[in-house]
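So the structure is just underneath, and the comments pick up after that.
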Amino acid sequence: MLNVRGLTKRYGDTEVVRGLDLTVRRGECFGLLGPNGAGKTTTLRLLLGLIEPDSGRIELAGLSVPKHAREARMKVGVVPQMDNLDPDFSVRENLFAYGRYFGMKKSAIAARIPHLLEFAGLASKADAQIAQLSGGMKRRLTLARALVHDPDILFLDEPTTGLDPQARHLIWQGLRRLIAEGKTIVLTTHFMDEAERLTDRLAILDHGRIVVEGAPRALIEAHIEPAVVEVFGEGVDAWTHARAGSLCQRFETVGETLFCYTSDAAPVIDVLKHDATLRYLHRPSNLEDVFLKLTGRDLRD
């Protein structure tokens, strides 16, 4: 569904996208992750034909982009980072107007709207105005709107940013249904648990290049020790100097927290239980640990 080779984009002296190669197979959910400034937004705009690359080749839904970008976008659904619903229209009218943008017949749109409202959990809100919707409802409507023309591939740009846990889980439920139905999805997100739950494969992008690519669980197993013990409290500095080197296979101190990475957490926990100045959290390693190891913990603006 998406094939990218040697993609580059430069703004002035800064090369924002640097020789990017990507392949997204039909029916898979592919994650594109990276810190702020990594090149994700520019990459998405290139893939959708909104800007032209300096070099490289993009084939989207079987069509060359940007040469045939308009035709390719007819097969694509997009959920932007910020909701851009029309506040002058009701929920139903937003879906109808968007379908008309794709040249759909009125009867075809009308036939799809009940299914889309049910999918988004908005059947009872069909005639509500946008201002009457919660943030989670707006996000679900934006997702339903992207499906109105039954696209072959969906681009989701941080679909759950700003939502509470309940709304996030409802969005995830809808996305799992789409994946089960065989839709192809390209997902960008800053929530590593979201990527770990939803994606079949993912790529971590930094400074315009792909740092690593693969299935979430495979990346965790390849790059991070199985267990993590987070240690914090008044005595963490002293404990780090006295114990971390002998008990942890690898450790990092971030602010007032020590991250102890190990294959066996039992000896670490046994020592910590007898230190009243410390608190700790024991957990399995996850995709966020991989992300931070490969892209660093420095704040990106």
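The values are calculated or read from the model by the stated rules, or taken from the named source; none is laboratory data. Computed from a prediction, not measured in an experiment: that's the story for all the values here. Every residue, glycine among them, receives a Cβ derived from its backbone with ideal geometry; neighbour counts consider all protein chains shown. What goes into the accessible areas is simple: the full protein's heavy atoms, side chains included, and nothing from ligands, DNA or RNA. Shrake-Rupley method; radii C 1.70, N 1.55, O 1.52, S 1.80 Å.
Just a few scattered comments:
- Most mobile of GLY77, GLY37, GLY235 in a GNM of the chain (Cα contacts under 10 Å): GLY235
- Listed values for the stretch 138-146 are Karplus-derived 3J(HN,Hα) couplings in whole Hz (6.51 cos²θ - 1.76 cosθ + 1.60, θ = phi - 60°), namely 4, 5, 5, 5, 4, 5, 4, 4, 5, and x replaces Gly and Pro.
- Cβ screening of the chain for cysteine pairs under 4.7 Å finds these without a partner: CYS29.
- Accessible surface of the stretch 106-233, 1.4 Å probe: 51 percent of it comes from carbon and sulfur atoms.
- Think of a 1.4 Å ball rolled over the protein heavy atoms: the chain then has 49 Å² of accessible area per residue.
- Euclidean distance of C-alpha centroids, the stretch 250-301 and the stretch 126-199, integer Å: 32
- Each listed q (0.15, 0.21, 0.24, 0.26 Å⁻¹) maps to a log10 I(q)/I(0) for the stretch 248-287, found by the Debye formula over equal Cα scatterers with no solvent: -0.36, -0.72, -0.93, -1.08.
- Residue of ALA126, ALA242, ALA203 that the Gaussian network model of the chain assigns the largest fluctuation, springs spanning Cα pairs under 10 Å: ALA242
- Solvent-accessible surface of protein heavy atoms, probed at 1.4 angstrom with all chains present, puts TYR101, TYR261, TYR11 in the order TYR101, TYR11, TYR261, largest first.
- Considering only beta bridges that DSSP places wholly inside the chain, some 70 percent are antiparallel.
- The stretch 146-186: C-alpha pair distances exceeding 11 Å, %: 68
- Measuring spread by the Cα atoms of the stretch 60-183 yields a radius of gyration and Dmax of 14.2, 42 Å.
- For the stretch 182-291, the equivalent ellipsoid derived from the Cα gyration tensor has semi-axes of 32, 13, 12 Å, listed largest first.
- Volume per residue of the convex hull around the Cα atoms, evaluated for the stretch 86-149, comes out as 69 Å³.
- Here the stretch 114-273 has an Rg and Dmax of 21.3, 65 Å, counting Cα atoms alone.
- Here, the chain has an Rg and a Dmax of 22.5, 73 Å when only alpha carbons are counted.
- Kirkwood Rh and Cα Rg combined as Rg/Rh, the stretch 1-144: 1.03
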